[in-house]
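The values are calculated or read from the model by the stated rules, or taken from the named source; none is laboratory data. Not measured: the values here are computed from a predicted model. Don't worry about glycine lacking a Cβ; one is built from the backbone with ideal geometry, like all the others, and counts go over all protein chains shown.
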Amino acid sequence: MSRKYEGLVVLNTKSIEGTLEDLVATVSKEIESEGAKVADVSQLGRRKFSYASKHLESGHYVTYSFKAEPETITRIQAKLRLNTNVHLQHFSRVA
């Protein structure tokens, strides 16, 4: 049974190859490759962290709204952990 989820991903744009749009699209493709159907991608822009995290002072925030099976979330999280441009990630179920 597919459920609606929203994922907040903070991207490290310090040393990206290509454009920011390419990076956002790449993360979207990685989410879809695990079987999710991405409905909406919303870029919230660059935000400064309240404290330095892993030698970064800011990151580019992006929200992904998608439908997926519950067990798909753990696979998406594992896949995004391997992407060096993904600094932080958080997924929650939308009612």
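Could you tell me whether V38 is in a strand (DSSP E or B) and within 10 Å of the chain's Cα centre (by Cα)? Full working, then the answer.
Numbers: in a strand (DSSP E or B): yes; within 10 Å of the chain's Cα centre (by Cα): no.
Criteria not met by V38.
Being among the β-branched types (V, I, T) and loosely packed, with under 15 Cβ neighbours inside 10 Å narrows it down to one of T26, T63, so name that one.
Testing whether each residue is among the β-branched types (V, I, T) and loosely packed, with under 15 Cβ neighbours inside 10 Å leaves just T63.
Count, please, the residues in the range 1-22 that happen to be aliphatic (A, V, I, L, M) and modelled with pLDDT of 95 or more. Number satisfying all stated conditions: 4. Only residues that are surrounded by fewer than 11 Cβ atoms within 10 Å (Cβ to Cβ) and assigned to a strand (DSSP E or B): list them for the range 43-56, please. Hits for the range 43-56 are G45, K48, S50, Y51, A52. I'd like the full set of residues that are outside any strand (DSSP E or B), within 20 Å of E69 (Cβ to Cβ) and touching a residue at least 12 places away in the same chain (Cβ under 8 Å), limited to the range 1-31. Of everything in the range 1-31, those that are outside any strand (DSSP E or B), within 20 Å of E69 (Cβ to Cβ) and touching a residue at least 12 places away in the same chain (Cβ under 8 Å) turn out to be M1, S2, V27, S28, E30, I31.
Output the residue which, of all residues in the range 62-83 that are of a type outside the set (V, I, T) and touching a residue at least 60 places away in the same chain (Cβ under 8 Å), is nearest to Q43 (Cα to Cα). Give the derivation first.
Here is the first cut: in the range 62-83, the residues of a type outside the set (V, I, T) are 64-71, 75, 77-83.
Filter again for touching a residue at least 60 places away in the same chain (Cβ under 8 Å), leaving 65-70, 80.
Details: S65: 12, F66: 15, K67: 19, A68: 21, E69: 24, P70: 24, L80: 17 Å.
So the residue we want is S65.
For the range 80-94, the criterion of a residue being touching a strand residue (DSSP E or B) at 6+ places or on another chain (Cβ under 6 Å), polar (S, T, N, Q), buried (at least 16 other Cβ atoms within 10 Å of the Cβ) and closer than 15 Å to L8 by Cα is satisfied by at least one position.
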